[in-house]
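Below: the structure, in structure tokens.
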Amino acid sequence: MLQYRGYPFTGAVLRPDGLVRWRCTRRGSYGCNVWIEVNDQLQVLSHHNHHTHAPQRYVMIENGLYIRM
């Protein structure tokens, strides 16, 4: 999972040009078609950023994992 601007993304797909495209985790339940593309250094190079929902809130727990609030 990748988090960007308060929104979680999943389903990374490697493109032929070497970029990785991530989709919003609320794609199915909210019909949110937002995606971002990152390079191998996790720099966001391209995005479609009009979410159909509010950002989700996550908190890091002791072992470094994140849980959704």
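Values in this text are rule-based calculations from the coordinates and carry no lab data. Since the model is a prediction, treat every value here as computed from it, not as a measurement. As a convention, Cβ positions derive from the backbone with ideal geometry for all residues, glycine included, and neighbour counts pool all protein chains shown.
Here are some notes:
- From the coordinates shown, log10 I(q)/I(0) by the Debye sum over Cα atoms at q = 0.21, 0.22, 0.27 Å⁻¹ corresponds to which of (1) -1.15, -1.16, -1.19; (2) -1.04, -1.07, -1.21; (3) -0.90, -0.97, -1.22: (3)
- With K and R counted +1 and D and E -1, the other residues having a Cβ less than 15 Å from that of TYR30 yield a net charge of +4.
- Positive-end residue of GLY6, HIS50, ILE36, charge dipole of the chain with Cβ unit charges: HIS50
- Here the relative contact order of the chain, from alpha carbon pairs under 8 Å that lie six or more residues apart, stands at 21 percent.
- Rounded to the nearest Hz, the phi-derived 3J(HN,Hα) couplings of region 24-39 under the Karplus curve 6.51 cos²θ - 1.76 cosθ + 1.60 (θ = phi - 60°) are 4, 5, 9, 4, x, 6, 10, x, 7, 9, 6, 9, 9, 10, 10, 8, where x marks glycine and proline.
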